[in-house]
Structure formats: C-alpha cells, structure tokens
Protein chains: 2
Amino acid sequence: MAKYDLRLDLHFAALSDPTRRAILSRLARGKASVSELAAPHDMALPSLMGHLKKLEDAGLIITAKEGRVRVCELAPDTFVPVQDWLSEQRAIWESKLDRFDDYVTNLMRERSQ
Amino acid sequence: MAKYDLRLDLHFAALSDPTRRAILSRLARGKASVSELAAPHDMALPSLMGHLKKLEDAGLIITAKEGRVRVCELAPDTFVPVQDWLSEQRAIWESKLDRFDDYVTNLMRERSQ
C-alpha cells in the first residue's frame with residue numbers, strides 16, 4: 001500500500017470546492033491580489049479569505065504582502081502530489097490489463113496447440 | 001471559468017481520505033469483496049461500509065451482490081473527471097509560460113535591433 005501522505009488529504013480536500021478550484025485556475029494564469037481573486041465571486045470577503053487560508057494551509061498557494069496589497073500565487077509544483085497519485089493508480093490499472101493480456105495470449109496459445 | 005461540475009466536488013472529497021484512496025488502489029488491481037477490502041484496515045465494518053458508500057455515491061466505485069457476497073469494482077473511467085481538471089490547469093499554466101517565452105523573445109529581438 002502507498003505510504004500515507006497527509007498532503008494528499010489536504011490537497012484533495014482543498015480541491016473539493018468549486019470556489020477554491022476557480023481560484024487555482026485563475027492563479028494558473030498568473031499571480032493576483034485578493035481583490036482580483038474576489039471579483040468574479042458573489043461572496044463576502046471573509047468567506048473568500050477562508051478559502052484562501054484553506055488553499056494556503058494545504059500548501060497549494062503562497063500569499064505575500066506587496067505594499068498594502070496581499071498577493072497570491074500558485075505554490076511551486078502545486079499539483080504534483082495529486083498528479084503523482086493518479087499516475088500511480090493508472091500504472092496499477094495498466095499492469096492489471098497487461099496481466100490480463102498475457103492470460104488471454106497464453107490461453108489462445110494453449111488452445112491452438 | 002470552467003463549468004461547475006458537482007462530480008468534481010464529490011470525487012475530490014472522496015479522494016481526501018487515506019482509507020478511501022487505499023480502497024481505490026486495491027480495486028485498481030481488480031474487483032474485491034467487502035471482506036477482502038476490509039482485511040488490511042484496522043477498522044470496524046460499519047466504518048468501512050461508510051467509506052464504500054461515499055465512494056459509491058461519488059460514482060467512483062460500483063458494488064453488486066454476487067450470491068451472498070457484495071463485490072466492489074472501480075467505476076468505468078473512474079479518474080477521468082479529476083484527470084481532465086488537472087490537465088486543464090496544466091494547459092492554462094503552459095499557455096502562460098508560452099506567453100512569457102514570447103514576451104522574452106520579443107524583448108531580446110527589440111534590444112538586438
């Protein structure tokens with residue numbers, strides 16, 4: 001079984017909300033201030049800040065003060081842990097299909113003898 | 001902004017738990033009965049059934065009675081919505097890098113003139 005990875009719990013939980021996914025998509029285009037991030041969302045600022053805190057606590061984004069403005073950007077390699085987990089599942093799945101291929105090939109070989 | 005996709009909420013939330021991820025990894029190897037899935041986990045059966053229900057409600061697994069045994073397997077294209085979302089973010093990110101490349105190339109061209 002794969003080593004237990006707390007980051008994956010936090011990353012997947014952070015990604016389970018549409019506002020947080022929209023914020024990450026916006027940040028994939030480049031860094032943005034909190035008010036730029038808030039603009040497309042019909043949401044009180046404290047709620048939006050709550051989402052940003054969850055993304056920051058999960059290690060998905062970095063925030064920093066630039067003068068009087070708080071600016072957010074994607075953390076380096078933001079989606080790598082989640083992508084790695086998915087790739088691992090695909091590898092397990094494909095090795096199962098390979099074993100099934102081998103089984104069918106052997107079966108056909110035996111029958112043709 | 002990407003169309004809001006309730007499945008993504010459910011899939012990411014389902015994936016945010018280590019027991020549920022371990023169950024999915026096990027099922028990537030092939031279908032299994034509830035007791036086979038329970039074996040590696042030090043957990044009361046009702047708790048494990050709760051995890052299976054969450055995976056089934058999210059559409060990540062399918063369960064069916066085979067005689068007296070309940071058997072679970074991965075739903076078809078289990079990880080496709082999550083993988084598609086990640087690929088979309090990568091595409092946004094890469095198109096940003098391309099624009100930055102163009103910007104630097106143009107800047108160098110202007111300076112060399």
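Would you confirm, using the coordinates I've provided, whether residue B:8 is of a type in the set (A, V, I, L, M), more than 23 Å from residue A:21 (Cβ to Cβ) and surrounded by 18 or more Cβ atoms within 10 Å (Cβ to Cβ)? The answer is no for residue B:8. If you go through the range A:74-92 one residue at a time, do you hit one that is at pLDDT below 85 and more than 30 Å from residue A:27 (Cβ to Cβ)? No, there is no match, as no residue in the range A:74-92 is at pLDDT below 85 and more than 30 Å from residue A:27 (Cβ to Cβ). Across the range B:71-113, the qualifying residues are those that are in a helix (DSSP H, G or I) and in contact with a Ser or Thr (Cβ under 8 Å, 6 or more places away or on another chain), and the one among them that is surrounded by the most Cβ atoms within 10 Å (Cβ to Cβ) is B:89.
The values are calculated or read from the model by the stated rules, or taken from the named source; none is laboratory data. Remember, predicted model here, so these are calculated numbers, not experimental data. Every residue, glycine among them, receives a Cβ derived from its backbone with ideal geometry; neighbour counts consider all protein chains shown.
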